[in-house]
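Structure record follows, encoded as structure tokens.
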Amino acid sequence: MKISKKLTVKNKAGFHLRVASMICKKTASFNGEVCLIKGPYRADCKSCLDLLAIMAPMGVELTLEVDGSDENETNSLVNAITEMFNTKFGEDEFAPNAASAS
């Protein structure tokens, strides 16, 4: 089952090493393909180096593509990554968990 979803980088620092590491950890055990796409560049989400090459500042729209054989696992991963983007990866003063993280 393949899912494609547009996501916007919302945190002030943009896409950086900590963000790439969070996504890498979340996708490492997924049995399928997970990519973030910016223009012609496709980054394998299981590779921190691939993700770092995206170089996406705040406001950039990326496309998440998840292709897995298990529908529930695929949907769960899409939801988890979407939540990371929506909560600004736990950064910035508007992220729900930012106050408790410091």
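The values are calculated or read from the model by the stated rules, or taken from the named source; none is laboratory data. A quick note: this is a predicted structure, and the numbers were derived from the prediction, not measured. Glycine gets a Cβ as well: all are built from the backbone with ideal geometry, and neighbour counts include every protein chain shown. The protein model used for the area step is the full one, side chains on, heavy atoms only, and it has no ligands, DNA or RNA in it. Shrake-Rupley method; radii C 1.70, N 1.55, O 1.52, S 1.80 Å.
If I filter the range 26-84 down to residues being among the aliphatic types (A, V, I, L, M) and in contact with a Cys (Cβ under 7 Å, 6 or more places away or on another chain), which single residue comes out as nearest to residue 14 (Cα to Cα)?
In this case the residue turns out to be 51.
Among the residues of the range 5-35, how many are out of contact with any helix residue (DSSP H, G or I) (no Cβ under 9 Å at 6 or more places or on another chain) and of a type outside the set (Asp, Glu)?
Number satisfying all stated conditions: 5.
Restricting attention to the range 66-88, and to residues there that are acidic (Asp, Glu) and assigned to a helix (DSSP H, G or I), which single residue is surrounded by the most Cβ atoms within 10 Å (Cβ to Cβ)?
73
Of the residues 11, 31, only one is surrounded by 15 or more Cβ atoms within 10 Å (Cβ to Cβ) and touching a residue at least 40 places away in the same chain (Cβ under 8 Å); which?
11
Considering each of 56, 20, 43 in turn, give the residue that is part of a loop (DSSP other than H, G, I, E, B) and either farther than 18 Å from residue 6 by Cα or open to solvent by less than 50 Å² (accessible area, probe 1.4 Å) (or both).
Going through 56, 20, 43 in turn, just one is part of a loop (DSSP other than H, G, I, E, B) and either farther than 18 Å from residue 6 by Cα or open to solvent by less than 50 Å² (accessible area, probe 1.4 Å) (or both): 56.
Starting from residues that are more than 11 Å from the chain's Cα centre (by Cα) and assigned to a strand (DSSP E or B), keep the ones in the range 23-40 and report whichever is nearest to residue 90 (Cα to Cα).
38
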